1. Might you let me know whether segment 34-45 holds any residue that is more than 14 Å from residue 89 (Cα to Cα), in a helix (DSSP H, G or I), in contact with a helix residue (DSSP H, G or I) (Cβ under 9 Å, 6 or more places away or on another chain) and at pLDDT below 85?
2. Does segment 146-165 hold any residues that are free of Cβ contacts under 8 Å to residues at least 60 places away in the same chain and either closer than 26 Å to residue 104 by Cβ or touching a helix residue (DSSP H, G or I) at 6+ places or on another chain (Cβ under 7 Å) (or both), and which are they?
3. Can you pull out the residues in segment 98-143 that are touching a strand residue (DSSP E or B) at 6+ places or on another chain (Cβ under 8 Å) and under 16 Å from residue 4 (Cβ atoms)?
4. Quick check: is even one residue across segment 148-159 at positive phi and at pLDDT 90 or above?
5. Specify the residue that is surrounded by the fewest Cβ atoms within 10 Å (Cβ to Cβ); the eligible residues are those in segment 80-105 that are part of a strand (DSSP E or B) and touching a helix residue (DSSP H, G or I) at 6+ places or on another chain (Cβ under 9 Å).
6. Can you find even one residue in segment 97-118 that is within 16 Å of the chain's Cα centre (by Cα), more than 27 Å from residue 154 (Cβ to Cβ) and modelled with pLDDT of 85 or more?
7. Mind checking which strands (runs of 3 or more DSSP E) fall wholly inside segment 106-158 and carry at least 3 residues that are closer than 23 Å to residue 20 by Cβ?
């Protein structure tokens, strides 16, 4: 099974997606909790500033010495990554590819055919790449889900490429 997914068509920058490296991306979404909790729009800059401030505050209070809790925090985060079910938002990839102004739809190419999604709805897609800590090898490499969860139990599987038309 091919793990690299081309993003092509009426785009300024044809790109490739490699779900194998997304496990290390901080933008990953935990699907175990995503559809059962209320979603709040996140300001990435604000989150970065808060995280940096928290780190800075910790260093001021505790010194540059790594406290014993830091190791346990890292271990917990590692276990979460190795046991979780994760996805990435599709929107950043769509923005990076820069669809042409006359583009109207996204075609999801799969082994079983094609799925057409209006481009304005494509921004609300999630790309699931891991289930219980394992890559989606059987019917993957990714599953396409809608953010509203309407196809949560029956996602678009066997994705081979994204094409903007």
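The values are calculated or read from the model by the stated rules, or taken from the named source; none is laboratory data. Being a predicted model, the structure only gives us computed values, none of them experimental. All Cβ positions, even for glycine, are placed from backbone atoms using ideal geometry, and neighbour counts span all protein chains on display.
1. Within segment 34-45 (the criterion being more than 14 Å from residue 89 (Cα to Cα), in a helix (DSSP H, G or I), in contact with a helix residue (DSSP H, G or I) (Cβ under 9 Å, 6 or more places away or on another chain) and at pLDDT below 85), the answer is no, since none of the residues qualifies.
2. 146, 148, 150, 151, 154, 155, 156, 157, 158
3. Hits for segment 98-143 are 108, 109, 110, 111, 127, 129, 135, 136, 140, 141, 142.
4. Yes, segment 148-159 has at least one match.
5. The extreme case among them is 105.
6. No, segment 97-118 has no match at all.
7. Working: elements: 113-118, 125-131, 143-146.
Ranges flagged: 125-131, 143-146.
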